[in-house]
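Accompanying notes for the structure given below.
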Amino acid sequence: MTDPCNRRSSFPMRSALIVSVIAALIGGCGGDDDNNSLPVVRRAAIQFQGQVNGQDFVCGATYENVGIGQPGTYQVTDWRFYVHDVALIKADGARRALDLDQDGVWQYENVALLDLRQDCGSGVLPGNAEVVGAVSNENYTGICFKVGVPYALNHINDATAPSPLNNSGMLWNWRGGRKFIRIDGMGAPGDGNNAVAFVVHLGSTECPGSNPNAPPTATCGYPNIAEFCLNGFDADQDRILMDMGAALEASDVAFNTPDTASGCMSGNADPECIAIMPRLNLDFTYIAGAGAAPEQYPRVIPQRLFSVRKP
Amino acid sequence: MSRGLIRIGALAGLLAVGGCGGDDSGDNSSAPPQELPRSGYSWSLPPGFPTPQEFAENPLSDAKVELGRHLFYDARLSINQTTSCASCHLPARAFADGRVTAVGATGQVHLRNAMSLTNVVYNATFDWANPVLTTLHQQALTPMFNEFPVELGWADHEAEILDRLRYDPLYQDLFVAAYPDATDHFTADQVAKGVAAFVSTLISGNSAYDQSTLQGNRDAMSEAARRGQELFFSERMECFHCHGGFNFSQSVNHSGTTLPQAEFHNNGLYNIGGAGDYPLGNRGLWEFTQQPADMGRFRAPTLRNIELTAPYMHDGSIATLEEVIDHYARGGRLVREGPLAGDGALNPFKSELMPARFSLTDQEKLDIIAFLKSLTDWNFLCNARFADPFGNFERHSDCY
């Protein structure tokens, strides 16, 4: 690797980059407040960390006291999610978009795939726990990002889509797009008849069209894209925690309504989603069946799925 | 951005000691894929399909594919000249063989069902559950040299078999054309590479489903198949969690693939003694890892041409598509008695992605079968480019 900035991308602000390059030649590319030749852009690598009830995520590990059911044990075997529109926030509320490195693997345009698995028992996985790019070199107090894939990129052909949008494990189907979040897990693991597959797969629903293998004919009825904004975030030293224990705090992970998806796969008719979707910072509409009146379950405020961890 | 600017950026990075942001741990596993070999081979790809990954060790050419087509169908490639690759990969059955499990040249019975070769070039791994077998060239050597059981029987008979080719004027021409720079043309490795080249061209993407989905001919699929498609992609049946994407298998690889996508799943066929065991010799990924969670995990094969590749599963233990649907509807198979007794639905290592159970009406079951049959590709099955040059193996009767 000849470029410690790990930057392979094109960059829209050419003149800004030239200034930054000159500044970098003098004093490195990080921010340095008392330096008169301040670079106009700086690098930022936003770090993510998975947890369940405060315990770090380890693929295949079983966590305790998850949700409201008994025995409350929950084994987690997958943890991937997309984010987009990552921006750092100034004290006055102004936002500065993070211009993502176009690395050909984890990031494409304004979308990044996070894969918090390291080894799920069958060998080391590449994994990715950070979003990397360049941002205007100013003082920031917070960060905002959206979970999911924007509509314009969510419904492109998986066979020819660029990475990370061609990641087969994150595919739903063409009309439905990608899984925005993929948490696979098992409630009451190892408990014989009581073990229940319980996953959280977030994605857009009610995407119109008569063919699951064609793009939707219009935007989805429930895009299910939520923005998360966190205060007191220092990109240089803090991490963003994603705690699925918070998303599952009102669920019984050892129970799944028969004839519905295992856990919650975002379906509007899936009772397990009632307790989960509002804890993903999303308003959820539950529709039991044809003719049933829609029930509204507003997002739980404040959201607790993501938080800032200081070093 | 111009190349010059990229260079300046790189230079700046080098000078600014320590760099910034990017945490380069030295792990290159997430690096972009290596540059493709520029074989210049012209793939004949269906609309909407990705370009297969080529491997530098075996660049493709028309001549190599043509050599491979002859080798694939030639019974002289087996120890006793009874069996060719095609004997277990029949063109009339979408390159599967219709047997419960395969039978080698000397009559030894294999533990596993012969897989269809449909779209194998897109497989992330080969065989039913071999995580380290990642090229068709390596795979082709397996049936050639396998001794337990004997498949083609090359072990200890390599020179004898190669001599059959060496003194045949047909193969003299074919090998020279395929390997113009080689000093010794008649090697086992170059046989395997030729077979791999041919097999990698067995690309199917012109089924009724494809015509309806990617070629603008909506009516190519029946209404029943269309209803079945909705079921296939529903959260009730969950078929697409393992059989999703353009190849109806998540475990795919192609030139645009950047991250490992090999997947293996336990689908609840067995649960011997209630402890999760699968029958000895057929334990899937576990045989490589000995990790309990890998017990019974096999690769989900493509569903393209699935109508023609019965019987199903790694051990051929389900005879029909209808019974496959019943198996998944129950959430696993109950073996009531005998040494394999146990309820697969309760296998502790069963995939989380498989529904606990689901129910279908009779009509829905017909619809899902109609959808699976819409994945049958007659252009593929009847393609003369894939046919036996010796005329011993017939294509499907509907091709004539």
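The values are calculated or read from the model by the stated rules, or taken from the named source; none is laboratory data. What you see is a predicted model; the values in this text were computed from it and never measured. All Cβ positions, glycine included, derive from the backbone under ideal geometry; neighbour counts span all protein chains shown. Accessible surface areas use protein heavy atoms only, side chains included; no ligands, DNA or RNA. Shrake-Rupley method; radii C 1.70, N 1.55, O 1.52, S 1.80 Å.
Worth a mention:
- Shape analysis of the stretch B:131-258 based on the Cα gyration tensor places the equivalent ellipsoid semi-axes at 41, 19, 14 Å, largest first.
- Listed values for the stretch A:212-222 are Karplus-derived 3J(HN,Hα) couplings in whole Hz (6.51 cos²θ - 1.76 cosθ + 1.60, θ = phi - 60°), namely x, 10, 8, x, x, 7, 7, 4, 6, x, 10, and x replaces Gly and Pro.
- In this structure, the residue pairs whose Cα-Cα separation is over 30 Å, taken from A:146/A:310; B:350/B:373; A:179/B:365; A:146/B:373, are A:146/B:373.
- Dipole moment magnitude, nearest 20 debye, chain A about Cα centre, only Lys, Arg, Asp, Glu C-beta charged: 540
- Entry note, chain B: relative contact order of 20 percent, from Cα contacts under 8 Å with a spacing of 6+ residues.
- The base-10 log of I(q)/I(0) for chain B, evaluated at q = 0.09 Å⁻¹, reads -0.61 [Debye formula, identical scatterers on Cα atoms, solvent excluded].
- Put a dot 7 Å past the Cα of residue A:210, heading toward its Cβ, do the same for residue A:152, and the two dots end up 3.0 nm apart.
- Rg over Rh [alpha-carbon atoms, Kirkwood Rh] for the protein assembly as shown: 0.99
- Residue A:91 paired with residue B:81, simple spin-label distance in nm, labels 7 Å along Cα-to-beta-carbon: 9.1
- Potential lengthening of the chain between residue B:57 and residue B:329 amounts to 93.5 nm, from the contour at 0.36 nm per residue minus the alpha-carbon distance.
- log₁₀ of I(q)/I(0) at q = 0.08, 0.09, 0.11 Å⁻¹ - chain A, Debye sum with one point per alpha carbon: -0.39, -0.49, -0.72
- For residue B:249, the solvent-accessible surface with a 1.4 Å probe is about 10 Å², rounded to the nearest 10.
- Loop sites in the stretch A:275-307: trypsin sites (Lys or Arg not before Pro), DSSP, at most 15 other Cβ within 10 Å: A:299, A:304
- Loop-resident GluC sites (Glu not before Pro) (DSSP state other than H, G, I, E or B) in the stretch B:331-400 with no more than 13 further Cβ atoms inside 10 Å of their Cβ: B:337, B:394.
- Directionally averaged projected area (convex hull, Cα atoms, the stretch B:238-359), nm²: 8.1
- In the context of the full protein assembly, residue A:41 retains an accessible surface of approximately 10 Å², using a probe radius of 1.4 Å and ignoring ligands and nucleic acids.
- Contact order, relative form, for the stretch B:238-359: 31 percent (alpha carbon pairs under 8 Å, 6 or more residues apart, mean separation divided by residue count).
- The listed residues B:302, A:141, once ranked by accessible area (1.4 Å probe) with the largest placed first, stand as A:141, B:302.
- Of the trypsin sites (Lys or Arg not before Pro) found in the stretch B:35-122, those that fall in a DSSP loop while having at most 11 other beta-carbon atoms within 10 Å are B:38.
- Extended-chain gain in nm, criterion 0.36 nm per residue less alpha-carbon gap, residue B:385 and residue B:362: 4.3 nm
- Applying the Karplus relation 6.51 cos²θ - 1.76 cosθ + 1.60 with θ = phi - 60° to the stretch B:338-343 yields 3J(HN,Hα) values of x, x, 9, 4, x, 9 Hz, where x marks Gly and Pro.
- Expressed as a fraction of 2.2 N^0.38 Å, the value expected for a compact globular protein of N residues, the C-alpha radius of gyration of the stretch A:33-130 is 1.44.
- Inverse mean reciprocal Cα-Cα distance (Kirkwood Rh) of the stretch B:299-400, Å: 16.2
- Kirkwood-type hydrodynamic radius, the stretch A:123-172: 14.1 Å, calculated from all non-identical alpha-carbon pairs.
- For the set A:297, B:278, solvent exposure ranked by accessible area (probe 1.4 Å, protein chains only) runs largest to smallest as A:297, B:278.
- Dipole magnitude of the stretch B:238-359, debye to nearest 20 (Cβ charges: Lys/Arg +1, Asp/Glu -1, about Cα centre): 120
- Computed accessible area, residue B:43, all protein chains, 1.4 angstrom probe, square angstrom: 40
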